[in-house]
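Undergrad: Got a structure here, written out as structure tokens. Questions coming.
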Amino acid sequence: MEEKYSNVLAKIKEADGIIIGASNGLSISEGIHIFAENADFLENFGDFREKHGFHSIIQGCFHRFPTEEEKWAFFSRMYDYFLYDKEASPVMKNLYELVKDKNFFVVTSNIDDHFRQAGFPEERLFEIEGSSRNLQCTNGCHDKIYPGDELLSAMARNQQDGRVPLDLIPRCPECGGPMQVHLEFDRNFLKGEAWQASYRAYRDFIEIAHGKKLVLLELGVGARNQLIKAPFMNLTHLEENATYITLNKGRELFIPNEIAAKSIGIDGNIAEVLEQLVQMK
Ligand SMILES: [Zn+2]
């Protein structure tokens, strides 16, 4: 194991570019499990479970709330749970510590915005499915994405009986229609200028890295994931000097034979693996 960790550190050290790909498993290693009906969910969202009958944060995201007051009570609570007044987790701090001096880019389907919280700059971040802190027009009358922190934390602080006061509920400044959090849970999700710009930055990073020493560092991405894992494996296959490093647990750790010689897989708790890597750095 020690040797594996040294190899990972050596690859990171000599890399010209590092692309970090992260999905749900990384959040779980921080203690955030949006698919689970666990003690954390019951403690933080138990009242919503009782009133609306959903059993996880992700179900709440897809729930059809009967009123705007109830919808915003949930989404502001979620924002609060993920971000408000919280320091970055040890997991994210370690990850940042590991790559902060390198040329890196992050692609993630996580919606908790914990990369930015840990200091990863926005311009090196592509949040494919959006972020729990940003707002958009539900009608999509224009594609601007609004920072929602102030509104969301005010709504989180001022809710009662599962509702927020009407005067705090955001309205689209252009069409006056409802707004929603910029998350890909329905067809309204805007892939407008801001989303396209991040996508372009990701593509550009890959293009510039062509032929150079590239590390694809994958954290907690499921074995059959098509959004992040499949492109990472393809890129490793295509790029002569690429190294694929994947951190995951048990059966979710998957490396195809075609790229096995260019890959390092670490089966274990991501929080502990990152801690160990930073200590050995
Ligand atoms: Zn609008």
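Undergrad: With 10 angstrom as the radius, rank Val278, Val8, Val106 by how many other C-beta atoms surround their C-beta, starting from the fewest.
TA: Details: Val278 16, Val8 22, Val106 25.
Least to most surrounded, the residues fall as Val278, Val8, Val106.
Undergrad: Within the range 174-260, report the GluC sites (Glu not before Pro) that DSSP leaves as loop and that have at most 14 other Cβ atoms within 10 Å. Working shown, then result.
TA: On the way: sites: Glu174, Glu184, Glu193, Glu207, Glu218, Glu239, Glu240, Glu252, Glu258; in loops: Glu174, Glu184, Glu239, Glu240.
Hits after loop and neighbour filter: Glu174, Glu240.
Undergrad: Against the longest alpha carbon principal axis of the chain, how many degrees, from 0 to 90 and to the nearest 10, is the axis of helix 2-14 turned?
TA: Approximately 80 degrees, to the nearest 10.
Undergrad: Using the alpha-carbon atoms, what tilt in degrees (0 to 90, nearest 10) does helix 68-82 show relative to the longest principal axis of the chain?
TA: 30 degrees
Undergrad: Can you tell me the orientation of helix 39-52 relative to the chain, as the angle in degrees between its alpha-carbon axis and the longest Cα principal axis, to the nearest 10?
TA: Result, in degrees: 40.
Undergrad: Moving on to the next point. Could you tell me the relative contact order of the chain? Use alpha-carbon pairs under 8 Å, at least six residues apart, and round to a whole percent. Write down the numbers at each step before the final one.
TA: Details: 470 pairs, mean separation 68.6, N = 281.
The normalised contact order for the chain reaches 24 percent.
Undergrad: Can you bin the range 184-230 into rounded, prolate or oblate? Criterion: square roots of the alpha carbon gyration tensor eigenvalues sorted a ≥ b ≥ c, rounded for a/c under 1.5, prolate for a/b above b/c, oblate for the rest.
TA: Working: a/c = 3.49, a/b = 1.28, b/c = 2.73.
Judged from the Cα gyration tensor, the range 184-230 comes out oblate (a/c at least 1.5, b/c at or above a/b).
Undergrad: What spacing in nm lies between the two simple spin-label points modelled at His237 and Arg251, each 7 Å away from Cα in the Cβ direction?
TA: Rounded to a tenth, the inter-label distance reads 2.4 nm.
Undergrad: Could I ask something else about it? When only C-alpha pairs under 8 Å and at least 6 residues apart count, what is the relative contact order of the range 18-118, in percent? Can you show the working numbers first?
TA: Details: 80 pairs, mean separation 45.7, N = 101.
The value is 45 percent.
Undergrad: Next up: Can you say what percent of the DSSP beta bridges in the range 61-181, counting only those with both residues inside, are antiparallel? Round to 5.
TA: Antiparallel bridges make up about 70 percent of those DSSP assigns within the range 61-181.
Undergrad: When only alpha-carbon atoms are used, what values of Rg and Dmax, in angstrom, describe the chain?
TA: Rg then Dmax for the chain, in Å: 19.7, 59.
Undergrad: Take Glu43, project a point 7 Å from its Cα along the Cβ direction, then tell me which residues of the range 59-77 have their backbone nitrogen under 18 Å from it.
TA: Label zone hits: 77.
Each reported figure results from applying straightforward, stated rules to the coordinates on display, with no laboratory input. Just so it is clear, the model here is predicted, and its values are computed rather than measured. We place every Cβ from the backbone using ideal geometry, glycine too, and count neighbours over all the protein chains shown.
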